[in-house]
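The values are calculated or read from the model by the stated rules, or taken from the named source; none is laboratory data. Not measured: the values here are computed from a predicted model. Heads up, the Cβs are rebuilt from the backbone with ideal geometry, glycines too, and the neighbour counts pull from every protein chain shown. Side chains are part of the model used for accessible areas, which takes the heavy atoms of the whole protein and leaves out ligands, DNA and RNA. Shrake-Rupley method; radii C 1.70, N 1.55, O 1.52, S 1.80 Å.
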Amino acid sequence: MAPHEPDPIARLHPAIAAVDAADWDGLAGASDPFLSHAFLSLLESSGSVGEGSGWSPLHVAVEQDGRLIAAAPAYLKAHSQGEYVFDHGWADAWHRAGGDYYPKLQVTVPFTPCPGPRLLGEDRSALIAALEAVTVQNQLSSAHATFCADEDIAAFEARGWLIRHGLQFHWHNRGYASFDDFLTALSSRKRKTMRRERAQAIEGLEIETLRGAQIGDEAVEAMWTFYQDTGSRKWGHPYLTHDFFTAMVEALGDHLLMFLARRNGKLIAGALNLIGKETLYGRYWGCVEEVPFLHFELSYYRAIDWAIAHGLKTVQAGAQGDHKLARGYEPVITRSAHFLPHPQFREAVAQFVEGEKAAMEQELAWARAQLPFRQSEG
């Protein structure tokens, strides 16, 4: 008889530094920069997550015979901020019933509404079982995995997790040779509008594209200023710290890409992106001077231009925003998975989720009807 293979062992790590970087990245792969050990470590070392943030790292790792075979980026959450999949209503209902909704277990990349793998490695079933055990043994109200890849969703569904739908807008490269080639796929009216917006946006400005080591201190400090302005208006306070920005070029290197606008020598606006293997991820935009259509130019059009030039398949420009439709970004369903051990609470949430899915399908149909492509392309 062959020797018995030891059973997998689940371990919890309150810091990503406790996991060997090569082992983690071996599971995460190179496609998604947000899942890299470097990015998650930067969030922790910069104080963007950790003490005082409401995000307490609790990464789940599954080992077999001393070898890492599966892992998930996970956090104990003391609130529901920075997730982009809103469960405040669930929390209110649980509190009204006399329970403590927080802390909850969150499997995700903090502040990053970008779909991708959440269950790293091949033994997804053992990893999900570990997540469930952490939730039940610590008497947590729930566990949530947000913006999951399709293969993750199938694994969560197999274990009975509730699946929730959301909607984003992504641009798809259908083999375009240039931005003008992309424009030929649009209706004549939309094509003219887009050209007019681009020309008006950059009038009197200098536009710079910086990648990796090209991003100097001036650009970093300017982007931090832009980010603070947008963050304070959108979320009440910025999620990422100044230390994150000052360390990001060294930590993330050529994964970083900035589009910046300068007027009379002064940087007035910028968009920060991360580069994946097949996708350009638009993450942060901000400005100190309002210029018509400049947001669209730096965050959407320049991203499309760059993706075409570098052979990328998609551009993800962040959460929500149906104004992206007119710019050629198409509606895409995103999915999250939710584990609620309490049977009555789970049933109530399940009813909500089913109703939400139906509404999301209607919104998806509406969005598709708004796309600017010519009839033959739509």
Against the rule of thumb 2.2 N^0.38 Å, how large the Cα Rg of segment 143-187 comes out: 1.84
Three principal axis lengths of segment 149-215 [C-alpha, angstrom, descending]: 56, 39, 22
Ellipsoid equivalent to the chain - semi-axes via the Cα gyration tensor, in Å: 36, 24, 21
Local electrostatic count, residue 49, Cβ distance below 14 Å [Lys/Arg +1, Asp/Glu -1]: -3
Proximal charge balance of residue 339 [Cβ under 11 Å; K/R count +1, D/E count -1]: +2
Among 32, 243, 181: highest mean-square fluctuation, GNM of the chain, C-alpha pairs under 10 Å: 181
Label-point separation in nm, residue 211 to residue 320, each point 7 Å along Cα→Cβ: 3.2 nm
222 nm mean residue ellipticity, helices alone, for the chain (DSSP H n ≥ 4; -39,500 (n - 2.57); rounded to 500): -11000 deg cm²/dmol
Accessible-area value, residue 48, 1.4 Å probe, nucleic acids and ligands omitted, Å²: 0 Å²
Per residue, the convex hull volume that the Cα atoms of segment 101-250 enclose (Å³): 218 Å³
Neighbourhood charge, 11 Å Cβ-Cβ cut-off, centred on residue 360 and excluding it, Lys, Arg +1 and Asp, Glu -1: -1
Relative contact order of the chain, defined on C-alpha pairs under 8 angstrom at six or more residues apart (%): 20 percent
Span from the segment 259-315 Cα centroid across to the segment 183-214 one, whole angstrom: 10 Å
Rg/Rg_ref, segment 1-112, where Rg_ref = 2.2 N^0.38 Å and atoms are Cα: 1.24
For segment 170-183, 3J(HN,Hα) per residue [Karplus equation, 6.51 cos²θ - 1.76 cosθ + 1.60, θ = phi - 60°, Hz, x = Gly/Pro]: 10, 9, 10, 8, 9, x, 5, 8, 6, 5, 4, 5, 4, 4
For segment 102-164, alpha-carbon Rg relative to the globular expectation (2.2 N^0.38 Å, N residues): 1.07
Amide H contacts of residue 284 (H built 1.01 Å from N, under 5 Å, at least 5 apart or other chain): 272
From phi via Karplus (6.51, -1.76, 1.60), per-residue ³J(HN,Hα) for segment 356-362 in Hz, x at Gly/Pro: 5, 4, 4, 5, 5, 5, 5
Projected label distance in nm at residue 358 and residue 159, using a 7 Å step from Cα toward the beta-carbon: 3.0 nm
FRET efficiency, residue 198 to residue 250 (Cβ-Cβ, R0 25 Å, nearest 0.05): 0.15
Carbon/sulfur fraction of accessible area - the chain, other protein chains in place, 1.4 Å, %: 49 percent
Per-selection metrics, segment 240-374 (Cα): Rg and Dmax in Å: 18.9, 62
Per residue value of the accessible surface for the chain (all protein chains in place, 1.4 Å probe), Å²: 44 Å²
q = 0.18, 0.20 Å⁻¹: log10 I(q)/I(0) that the Debye formula gives for segment 224-291, counting C-alpha atoms only: -0.75, -0.90
Cβ-derived FRET efficiency at R0 51 Å, residue 20 paired with residue 180, nearest 0.05: 0.60
Neighbour-limited loop hits for GluC sites (Glu not before Pro), segment 132-233 (at most 14 other Cβ within 10 Å; DSSP other than H, G, I, E, B): 203
Unit Cα scatterers, Debye sum, segment 169-298: log10 I(q)/I(0) for q = 0.13 Å⁻¹: -0.61
Computed lengthening from residue 96 to residue 150, 0.36 nm per intervening residue step minus Cα-Cα distance: 16.0 nm
